[in-house]
Structures are given as structure tokens and as C-alpha cells.
Amino acid sequence: MSMDFIEAMNELEREKGISKDVLFEAIEAALISSYKRNFNTAQNVRVDMNRNTGVIRVYARKLIVEEVLDSRTEISLPAAREINPHFQLEDIAEIEVTPRDFGRIAAQTAKQVVTQRIREAERGLIYNAFVDKEEDIVTGVVQRQDLRNIYIDLGKIEAALPLTELMPNEKFVHGDRIKAYITKVENTTKGPQIILSRTHPGLLKRLFELEVPEIFDGVVEIRSVAREAGFRSKIAVHSRNEEVDPVGSCVGPKGMRVQTIVGELRGEKIDIVRFSEQVDEYVANALSPSKVLEVHVFEEEKMARVIVPDYQLSLAIGIKGQNARLAAKLTGWKIDIKSESQAEQEFGREKDSSSEMHQDSVSVD
């Protein structure tokens, strides 16, 4: 092995961060297999590669015994003492058996090992770079599509966006720039595998964290997210500073902040509601944009019965029950919605339009 090869090893250690000693050990292990395969031997051998000169030597390792039964793995004590007079029985004697043309085999094997280790190191660096981005947003360029996935170029690696993780009616073509949420980063035998999503609630949460400085700074906190991707979402926010309005912060001046997110989500409607430790108030807020008259909380069943004006019943329930369903997901409570007339018939409630609860929320289309 030439000095140029040793210098190349030093360069790899500097540029790729691959330990030179690890490379040497890997090459020596591979050379043992190459020696046994190419020279058809079952000898127990050790390969030594000089770290400074690159010179390679092969040594047969033999057990020193009184009577030799297998000359490939054993040597007699007298024969061993011709090599080193200090040898004793049961010692291991090493005898150089380097083949004359072993250099060619060694060079080819070393090249294969180094190439493999470089590939593994690069995969490791990519994995380490993206594993910390799990549950975060990345931006990439659409490359291609098959029956199951859209493949997104993230620069150093191609990520997979399953078609099942696209929002309804969402289509992309080659060259489109796309933002997506990393749901999983795995280190497989074929290298790092990154799975993306456009439907995950985490995408909405991260978009708000990136778009709203008060959330990024920790003044406003996102307490819960409920999402039916492509249609409607609800997000509950809370302020750690009484002087900061959490809903207004998320909406932004003239609605610019939330409209940016709505645009990224292709027009998905977003209801921003104020979180409350008071269940009745929180449930009422969560049913935005409908108005709520009363909320009766049943702790043991973790259920809330909500009474709304007659003309607001369909709005409170939503199309195909969507508004009520999202409110239940957001709060974690079962919600039973009754109109004022229904409540009067079933529970004897008297109509009282003045009892409408205060709600703190905003709905954005």
C-alpha cells in the first residue's frame, strides 16, 4: 500500500470525520477474509497494516503443542523456538505468510472497504442531521411520484411523502417547492429514511410557532390542536402574560399571520380559540364560530351539554358534525349540543337570550 493511500486516509479523517484507526481495523478484517478466500486456506491469520508506511503483512497464528495434529493451526515447540527461543507450550506463534502478489488483492479490498465506510459515514451524518428535525417542518422540491409516494429532495437526501398524507385535492408536479412535517426518521440498511406529512396536526402547530413571534418566544402557548386536513382546524392558545392577547397574536395585524398559514394549507379554515382551565368556558370557545348560551359540565362522564340558540344549532354542529367533532378533539370532552327549544322540551329550560356566554375566539376562512 503506497504513502498516497495513507495520505488519503488522513484526508478522509479530516474531511469526513471518519477515524483513521477505524478504517485501518476495517481494512485488516476485510483482508483476512480476502486472504482465506483467494488462497483457499483455513489458517487462523492476522493481517497487520503499518499505520505510517502502509506496508501489509499476513501472519499465520498457530498454537504451540507437543504433537502437531493439524499443521494449519498448530506448530511444535521445537519449530516455534526456531522463531523465538522464549516460546512455551500453549503460546501462540505468529509466522509471516504474506503472499508475493498480495498487494493487488489488498489494494482492491482496501478500496472497497474505504468506499463502504465513507458511504456509511455519510449516511450517519445525514441521519444525525435529520433525526433532530423529527416533528419539525422542512422545505423541499418535488422530484417524482409513484403509486404510493411523492419523493421530495431535501438537499442531502430524498424524503417520502405518502399520498395518504396529502390533503384532499392537493396535487404537486416536478419542481414544486413544498413544506411538510417530518413524522419519522429511521436508520435503515439502505440508509436514512424520512417520512413526511401534510395532514399531521403538528404541521399546523409548527407553522404557528414559526409565524407568530409570541409563540416562538414562549409568551403565547399552543395548548391543543385539532385538525381535519384540508377542511378545518381548531387551535387553542394561552398567554403567559395577561397583557398579551393570545388570539390576537395568532391572527396578527389585519389577519396577516393567520392568512399566511391558511395560504400554506391551501385555504384550510382555522378557528383560533382561547384556552381556559374552566371547562365550560373552554368548551364554549371551542365551538366557535357558533354562539353558546349555556354549558353544563358532567365531570364523571367527562361530558359537556351545550345549549345554543335555535338559529345557531346547525352552525354549532357544523357540516357533517365537523365543528362539534373538532371541538371535542380540541378539548378532550364529549360534547352534546342542544338547541334552546330542545333544551326547553327535554329539561324544562326557559328561554333566556340574555344568558349567552362570552366567547373568546376567532374563525378564519
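Could you tell me which numbered condition LYS291 fails, if it satisfies all but one of (1) farther than 24 Å from GLY230 by Cα; (2) open to solvent by less than 40 Å² (accessible area, probe 1.4 Å)?
Condition not satisfied by LYS291: (2).
Got a number for residues in the range 51-67 being surrounded by 16 or more Cβ atoms within 10 Å (Cβ to Cβ) and either part of a loop (DSSP other than H, G, I, E, B) or among the acidic types (Asp, Glu) (or both)?
1
Working carefully through the options ARG81, ARG14, find the one that is assigned to a helix (DSSP H, G or I) and loosely packed, with under 11 Cβ neighbours inside 10 Å.
Working: ARG81 fails: loosely packed, with under 11 Cβ neighbours inside 10 Å.
Checking each option against the conditions leaves just ARG14.
May I ask you to say which residue of GLU25, GLU13 is at negative phi, modelled with pLDDT of 80 or more and either of a type outside the set (A, V, I, L, M, F, W, C) or more than 33 Å from the chain's Cα centre (by Cα) (or both)? Quick ask: steps written out before the conclusion?
Details: GLU13 fails: modelled with pLDDT of 80 or more.
Just one listed residue meets the conditions, GLU25.
Return the residue satisfying two criteria in turn: it lies in the range 303-334 and is closer than 16 Å to ASP280 by Cβ and over 34 Å from the mean Cα position of the chain (by Cα), and of such residues it is most open to solvent (accessible area, probe 1.4 Å).
Here the answer is ARG305.
ILE178 fails exactly one of the following numbered conditions: (1) free of Cβ contacts under 8 Å to residues at least 24 places away in the same chain; (2) outside the structural domain of GLU268 (by the TED database). What is the number of that condition?
Of the numbered conditions (1) free of Cβ contacts under 8 Å to residues at least 24 places away in the same chain; (2) outside the structural domain of GLU268 (by the TED database), the odd one out for ILE178 is (1).
When the range 214-231 is examined, which residues are found to be open to solvent by less than 30 Å² (accessible area, probe 1.4 Å) and either closer than 13 Å to VAL258 by Cβ or not in a loop (DSSP other than H, G, I, E, B) (or both)?
ILE215, VAL220, ILE222, SER224, ALA226, ARG227 - these are the residues of the range 214-231 that are open to solvent by less than 30 Å² (accessible area, probe 1.4 Å) and either closer than 13 Å to VAL258 by Cβ or not in a loop (DSSP other than H, G, I, E, B) (or both).
Suppose the filter is surrounded by fewer than 18 Cβ atoms within 10 Å (Cβ to Cβ), on the phi > 0 side of the Ramachandran plot and out of contact with any helix residue (DSSP H, G or I) (no Cβ under 7 Å at 6 or more places or on another chain); does GLY252 pass it?
Spelling it out, it is not the case that GLY252 is surrounded by fewer than 18 Cβ atoms within 10 Å (Cβ to Cβ), on the phi > 0 side of the Ramachandran plot and out of contact with any helix residue (DSSP H, G or I) (no Cβ under 7 Å at 6 or more places or on another chain).
Select from the range 94-107 the residues that are touching a residue at least 60 places away in the same chain (Cβ under 8 Å) and either in a helix (DSSP H, G or I) or touching a helix residue (DSSP H, G or I) at 6+ places or on another chain (Cβ under 6 Å) (or both) and list them in ascending order.
PHE102, GLY103, ILE105, ALA106, ALA107
Would you say ASP217 is in the same structural domain as PRO246 (by the TED database) and among the acidic types (Asp, Glu)?
For ASP217, the condition - in the same structural domain as PRO246 (by the TED database) and among the acidic types (Asp, Glu) - is met.
Which one of the conditions (1) loosely packed, with under 11 Cβ neighbours inside 10 Å; (2) within 30 Å of ARG119 (Cβ to Cβ); (3) touching a Lys or Arg at 6+ places or on another chain (Cβ under 8 Å) does ARG46 fail to meet, given that it meets all the rest?
Here ARG46 meets the rest and fails (1).
Looking at the range 25-43 only, could you name the residues that are out of contact with any strand residue (DSSP E or B) (no Cβ under 6 Å at 6 or more places or on another chain), part of a loop (DSSP other than H, G, I, E, B) and either surrounded by 12 or more Cβ atoms within 10 Å (Cβ to Cβ) or among the polar types (S, T, N, Q) (or both)?
The answer is PHE39, ASN40, THR41.
The values are calculated or read from the model by the stated rules, or taken from the named source; none is laboratory data. Owing to the predicted nature of the structure, the values given are computational and were not obtained by experimental measurement. Cβ sites come from the backbone with ideal geometry, for glycine too, and all protein chains shown count toward neighbours. The area values use the complete protein model at the heavy-atom level, side chains included, leaving out ligands, DNA and RNA. Shrake-Rupley method; radii C 1.70, N 1.55, O 1.52, S 1.80 Å.
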